[in-house]
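Structure record follows, encoded as structure tokens.
The values are calculated or read from the model by the stated rules, or taken from the named source; none is laboratory data. Everything quoted here is computed from the prediction, not taken from an experiment. Cβ: placed from backbone, ideal geometry, glycine included. Neighbour counts: every protein chain shown.
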Amino acid sequence: MGEGDQMLKKRMNSVPLNFIRIGDKFWKKHIDLVEHAIIPYQWDAMNDNIPDAESSHCIENFKIAAGDSKGDFYGAVFQDTDVAKWLEAVGCSLAGHPDKELERTADEVINLIGRAQQPDGYINTYFTIREPEGRWSNLTEGHELYTAGHLMEAAVAYYYGTGKRKFVEIMSRFADLICDTFGKDKKLQGYPGHPEIELALIRLYYVTGRKSYLETAKYFVDMRGGEPNYFLEERKQPGYKKIFPEFEGYLPLYSQSHLPVREQKTAEGHAVRAVYLYCAMADLAYEYKAQGLFSACEDLWNNIVQKRMYVTGSIGSSGLLERFTTDYDLPNDCNYSETCASIGLALFGMRMAQITRDAKYVDVVERALYNTMLAGIALDGKSFFYVNPLEVWPDNCLEKTSREHVKSIRQKWFGVACCPPNIARTLASLGQYIYAVNEEGVCVNLFIENDCELRLGGEIYLMRIKSRFPQEHSFILQVTGETALPGLWIRVPSYGKNYQIVCTEEVIGEGQKSGKDAQILGRRVACSIEKGYAHILEDVAGKTLQITFDAPATFVRANPNVRADAGRVCVMRGPLVYALEEVDNGANLEALYVDTKQPLTETYEPELFGGVVTIKAHGKRVEQSQWSESELYGTKPVTLTDTELKLIPYPYWNNRGEGEMCVWIKERL
């Protein structure tokens, strides 16, 4: 097999956000929050205007670095990234929802960043204010390149959203400095402790066409994991300054620098760092047609989704160092499952799907977006989860214990606040996940209601999806254009049964457009199944396709090697994972068993969470009444009583107050 044989000759890409309008009932209530609640709220948070919330100070840091204010740096060494991700969310939002006042505010922030930029192009408020002599001396912990990457991504998003290039030009000056500083024959031969700039440099290359950005991204990836290990050597240098106490006894495994990337077979270390690195690896594998690098991406993906991913699409099972551990180690009540990690997994999966046109990647992207990403934000857009457990007992989420990272209620803000703006930029850019396009045609990946303008090979096509997914497992697809669409692939979800595509309406006769001239055909559409997609084999221009499949609520079990879930089941309906909450089922959810031999009942509740399907199951409860408060142990037999269990979609837990929650329920055999 030659180089690049597993990859498409022409990669597919997302539709530009300004060409797509989402009207989906399920998602719109979240997306509308970006413009009306999340962006304003996070602007207040960054300016320390939210009472009782942790201080951010990040705007003030830029003012100090620019000489506009006096004072000292405050916050984490990567505090600038809060501003970067906020600006990225703004750019994505403006692409679909122009707002002159918001754009004016963002322009002022960009001007502030420009004033804080040093004469040689350098931008980082921590090092500019506190350690100007310490530049590039702590790649292990300093997060300079990571911070630069998020600023570059923000510049790209803002350019796509507004057409303004000033931020791109500011960040290009910084990128030029980085390219001049790092490389085989350059001043430094290091690479970032926290991957991010690699994928950002590639995005900046796509906008500017500067090959040096792509080459530097490749250099950072190719150097990673070589011997001697850069980070271990850096830590030996005189005057090396330790920043994070938890890095004592530093292991290269933590930063995915334990092996050259092409030799890595298992997902290791900090989960967010890992998937950001894998995104860049996928991009570079395509750009350089490097099959060895792409094979490593496939191995790493398979290890994650087959052995190290939660049913909710979250990753990173250890609260200590926010990292992967070992195969099948997936505890439910003390896991980390950072929101950012699932967002990174979705970005990685999107790239893999675009490169291969294989829908198996989209199945995981969808799972992560519908479950963990959405769980990270409250329905009002003003509180957030950083950590996403699958089981919570509020009483034992105590500080200075093994579960102190687990929160039983969403928080107003965080001292390290990477997740809230990451959610904002993901919701604002949700359109990038719906379709994948190139000159050969279009893949329909997600069943989200939208109107979209596609430009393929000089032709313009209008595509419309009408959907009530995931409440209903059907949607209508319409394509109009002057010529036949070159190709159309519609995803067949792994959970969908009895999948069919029917042409329900066709205009008959030249120029006849009215309803009375249309004949209801109701015939099956000719297609073939290719790597999880239904490849449509006929011209569908001017026709209405109805796609239907069955995805009823069902019990799901884990591989028995997942010790935490042995003897337990969870409930899924389509991509949504369901959970028990104390408000519906009473306290001590661990005392509940579910009878999997009895059918599940689905009910649509229009007033709950803006309209959701809830599920009821038959169960048993361990009787507590025969035990006195003074008895901790005894020989009493277990007594079970009948009870009805009610489950809600996992992403909406904790929107009705604090209480217990669990996803995996003991199975009554």
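Some points to look at:
- Residues of the stretch 475-495 that turn out to be buried (at least 17 other Cβ atoms within 10 Å of the Cβ) and either closer than 30 Å to ALA553 by Cβ or touching a His at 6+ places or on another chain (Cβ under 7 Å) (or both), as a count: 9
- Each residue in the stretch 629-648 was checked for being closer than 25 Å to LEU600 by Cβ, among the hydroxyl-bearing types (Ser, Thr, Tyr) and surrounded by fewer than 10 Cβ atoms within 10 Å (Cβ to Cβ), and 0 pass.
- ALA587 being of a type in the set (Gly, Ala, Ser), in contact (Cβ under 8 Å) with a residue 40 or more places away in the chain and out of contact with any helix residue (DSSP H, G or I) (no Cβ under 7 Å at 6 or more places or on another chain): yes
- Only one of the listed residues (VAL622, VAL613) is over 25 Å from the mean Cα position of the chain (by Cα) and hydrophobic (A, V, I, L, M, F, W, C). That residue is VAL622.
- Residue within the stretch 433-440 that is surrounded by fewer than 20 Cβ atoms within 10 Å (Cβ to Cβ), in contact (Cβ under 8 Å) with a residue 24 or more places away in the chain, more than 17 Å from TYR533 (Cα to Cα) and touching a helix residue (DSSP H, G or I) at 6+ places or on another chain (Cβ under 7 Å) present: no
- Residue in the stretch 254-265 that is crowded, with 22+ Cβ neighbours inside 10 Å, polar (S, T, N, Q) and on the phi > 0 side of the Ramachandran plot present: yes
- With respect to (1) in contact (Cβ under 8 Å) with a residue 40 or more places away in the chain; (2) over 26 Å from MET7 (Cβ atoms); (3) outside any loop (DSSP other than H, G, I, E, B), the lone exception for GLN471 is condition (3).
- Any chance PHE231 is touching a residue at least 24 places away in the same chain (Cβ under 8 Å), farther than 30 Å from ALA157 by Cα, part of a helix (DSSP H, G or I) and not β-branched (Val, Ile, Thr): yes
- In the stretch 366-406, residue nearest to the chain's Cα centre (by Cα) [restricted to those that are surrounded by fewer than 20 Cβ atoms within 10 Å (Cβ to Cβ) and of a type in the set (D, E, K, R)]: ASP380
- Summed over the stretch 33-84, the residues that are of a type outside the set (Phe, Trp, Tyr), out of contact with any Ser or Thr (no Cβ under 6 Å at 6 or more places or on another chain) and part of a loop (DSSP other than H, G, I, E, B) give a count of 20.
- With respect to the conditions (1) out of contact with any Cys (no Cβ under 8 Å at 6 or more places or on another chain); (2) under 17 Å from GLY142 (Cα atoms), VAL272 falls short on a single one, namely (1).
- Evaluation of LYS186 against the conditions (1) modelled with pLDDT of 95 or more; (2) closer than 23 Å to MET281 by Cβ shows that the sole unmet condition is (1).
- Residue within the stretch 621-628 that is buried (at least 16 other Cβ atoms within 10 Å of the Cβ), farther than 20 Å from THR372 by Cα, free of Cβ contacts under 8 Å to residues at least 40 places away in the same chain and among the basic types (Lys, Arg) present: yes
- Filter pass, VAL594 being surrounded by 14 or more Cβ atoms within 10 Å (Cβ to Cβ), more than 30 Å from ASP32 (Cβ to Cβ), of a type in the set (A, V, I, L, M, F, W, C) and touching a residue at least 60 places away in the same chain (Cβ under 8 Å): yes
- Boolean, LEU8 is at pLDDT 90 or above, more than 22 Å from GLY610 (Cβ to Cβ) and in contact with a Ser or Thr (Cβ under 7 Å, 6 or more places away or on another chain): no
- Residue check, TYR240 in a helix (DSSP H, G or I) and touching a residue at least 24 places away in the same chain (Cβ under 8 Å): no
- Positions within the stretch 231-247 being modelled with pLDDT of 95 or more and within 28 Å of LEU347 (Cα to Cα), in sequence order: PHE231
- Failed item in (1) surrounded by fewer than 22 Cβ atoms within 10 Å (Cβ to Cβ); (2) within 20 Å of the chain's Cα centre (by Cα), with GLY71 passing the rest: (2)
- For TYR250, the conditions (1) among the aromatic types (Phe, Trp, Tyr); (2) more than 21 Å from the chain's Cα centre (by Cα); (3) at pLDDT 95 or above are fulfilled apart from (3).
- Meets criteria (surrounded by 21 or more Cβ atoms within 10 Å (Cβ to Cβ), under 30 Å from CYS452 (Cα atoms), at pLDDT 95 or above and not β-branched (Val, Ile, Thr)) for GLY149: yes
- Applying the criterion of being surrounded by 15 or more Cβ atoms within 10 Å (Cβ to Cβ) and in a loop (DSSP other than H, G, I, E, B) to the residues of the stretch 506-530, the residue that is modelled with the highest pLDDT is VAL525.
- Qualifying residue in the stretch 18-31 (condition: of a type in the set (Lys, Arg), over 23 Å from the mean Cα position of the chain (by Cα) and assigned to a helix (DSSP H, G or I)): no
- Residue within the stretch 599-618 that is in contact with an Asp or Glu (Cβ under 6 Å, 6 or more places away or on another chain) and farther than 30 Å from LYS29 by Cβ present: yes
- Among the residues of the stretch 292-306, those that are crowded, with 17+ Cβ neighbours inside 10 Å and over 19 Å from the mean Cα position of the chain (by Cα) comprise LEU293, PHE294, ALA296.
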